[in-house]
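Novice: Quick one: the structure is below, and I'll ask about it shortly.
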Amino acid sequence: YLQSSKIVYNHIGPKAYVLPREYNRNEAANIYNFPVRSDDVFVVTFPKSGTTWTQELVWLLLNDLDYEKAKKKLNDRFPFLEASLFSFEDTFSGHVKDGEVQDFGPPTVDDIKALPSPRFIKTHLPLSLLPPNLLEETKVVYVTRDPRDVAVSFYHHYKLMRVMAPDRDFKTYWNFFMNGKITFGPYFASVLEAWEKRNHPNMLFLFYEELSKDLPGVIRRVANFFDRKITEEQIEELREHLKFDNFKKNKSVNYQDMQDKGIFMKDGGFVRKGKVGGWREYFDEEMTVQAEKWINDYVKDTDFKFPE
Ligand code: A3P
């Protein structure tokens with residue numbers, strides 16, 4: 001099913017998470033023992049839950065809304081902790097120009113360790129695989145999203161990254177998703193781990209649906225969480241900057257470079273639809289019922305609730 005020879009998924013970790021091969025080989029302990037600083041800022045998510053959107057919001061709020069500085073690529077301002085665990089060697093080695101390597105690929109965990117403070121770090125790893133003192137040391141923003149929309153978004157992402165054949169149907173993908181057999185899966189194991197910590201004073205737990213419904217309200221919550229003052233005018237400016245249409249056009253956040261480098265397919269894009277409930281176009285009657293049962297089975301013994 002997974003076509004790429006570049007990525008081999010292993011079931012490892014305390015809850016049998018599906019993680020890139022290199023994690024298992026080299027970096028599990030390095031990440032678990034990552035020295036957290038009190039001025040680090042972490043955005044932790046399951047993939048396709050609104051990570052990029054939240055990163056840009058958080059970064060701007062904590063960088064005096066400096067839109068000039070925000071022209072630098074988000075990946076450089078807010079690196080992806082486990083980016084180097086995905087083996088893109090063959091793609092990256094293509095960037096030799098005039099006999100010189102132009103691009104050495106993503107930063108390693110050690111590169112990120114060595115960054116000056118304040119560090120902004122994105123990760124898709126579940127909390128149990130991150131440093132155990134993370135929440136004691138610093139602030140974490142966690143974002144989640146309706147798993148049906150996550151699955152549709154991830155399905156397109158798999159195609160974008162050529163991890164999956166372009167003609168694969170969604171139903172097959174959804175079955176893998178439900179069974180946790182997708183990168184960083186299972187979805188609920190990861191989300192419920194974070195949910196348990198949602199009342200920790202250093203944890204802000206957000207939903208994509210909240211950003212979508214009331215972005216100014218979320219901006220205020222994030223500002224409060226980080227003890228930042230923000231005026232109504234600044235909120236309005238930030239809301240405009242983060243608006244889907246503007247975000248899609250913004251080359252510092254839309255991963256256009258990944259397409260330019262050929263890492264992503266030419267068709268499609270990272271900032272894709274940005275809809276709540278777009279899953280309805282992909283689920284037939286049977287899948288809809290099945291999905292409701294699947295969600296309910298996971299949440300029924302918890303107080304986890306998606307926003308109304
Ligand atoms: P869709 O594929 O459903 O459109 P992540 O950053 O975690 O990978 O999440 C990507 C998802 O967030 C994509 O969802 C993308 O379109 C959506 N997204 C990114 N920026 C957005 C924005 N400014 N407004 C709304 N949705 C956004």
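Every read-out reported here was derived from the displayed coordinates using simple, explicitly stated rules and does not represent laboratory data. Keep in mind the model is a prediction, meaning the values are calculated, not measured. Here the Cβ positions follow ideal geometry from the backbone for every residue, glycine too, while neighbour counts run over all protein chains shown.
Novice: Can you list the chymotrypsin sites (Phe, Trp or Tyr not before Pro) in segment 104-202 that are in a DSSP coil and have 13 or fewer other beta carbons within 10 angstrom?
Specialist: PHE104
Novice: Same structure, new question: First check a/c for segment 261-306, with a ≥ b ≥ c the square roots of the eigenvalues of its C-alpha gyration tensor; if it is under 1.5, answer rounded, and if not, answer prolate when a/b is larger than b/c or oblate otherwise.
Specialist: Prolate shape, in that a/c is at least 1.5 and a/b is the bigger ratio.
Novice: In terms of the Cα gyration tensor, with a ≥ b ≥ c the square roots of its eigenvalues, is segment 178-274 rounded because a/c is under 1.5, prolate because a/b exceeds b/c, or oblate?
Specialist: oblate
Novice: Measuring from label point to label point, each 7 Å out along Cα→Cβ, what is the TYR32 to ASP214 span in nm?
Specialist: Distance between the two pseudo-spin positions: 4.0 nm.
Novice: On to the next question. Applying 1/(1 + (r/R0)^6) with R0 = 30 Å to the Cβ-Cβ distance of TYR67 and ASP110, what FRET efficiency is obtained, to the nearest 0.05?
Specialist: Here the calculated transfer efficiency is 0.45.
Novice: Now a separate question. Cross-link partners among aspartates and glutamates for LYS48, C-alpha distance below 12 Å, same-chain residues fewer than 8 apart left out?
Specialist: Correct list for LYS48: ASP146, ASP149.
Novice: Any idea how far apart SER128 and LYS251 come out in nm if each label point goes 7 Å out from Cα toward Cβ?
Specialist: Between SER128 and LYS251, the simple spin-label model gives 4.4 nm.
Novice: Related question: Which distance in nm do the two modelled labels at ASN179 and PHE306 give, with both placed 7 Å along the Cα-to-Cβ direction?
Specialist: 2.3 nm
Novice: Of the cross-linked pairs LYS159/LYS275; LYS72/LYS139; LYS73/LYS122; LYS159/LYS251; LYS113/LYS159, which ones have a Cα-Cα span greater than 25 Å in the structure shown?
Specialist: Cα-Cα > 25 Å for LYS113/LYS159; rest within.
Novice: By its C-alpha gyration tensor, with a ≥ b ≥ c as the square roots of the eigenvalues, how is the chain shaped: rounded for a/c under 1.5, else prolate for a/b larger than b/c, else oblate?
Specialist: Since a/c stays below 1.5, the shape of the chain is classed as rounded.
Novice: Hey, how many Å between the Cα centroid of segment 221-272 and the Cα centroid of segment 148-218?
Specialist: 18 Å
Novice: Sum up the charges of everything whose Cβ sits under 15 Å from the Cβ of PHE207, counting Lys and Arg as +1 and Asp and Glu as -1, but leave PHE207 out.
Specialist: Residues close to PHE207 contribute a combined charge of +1.
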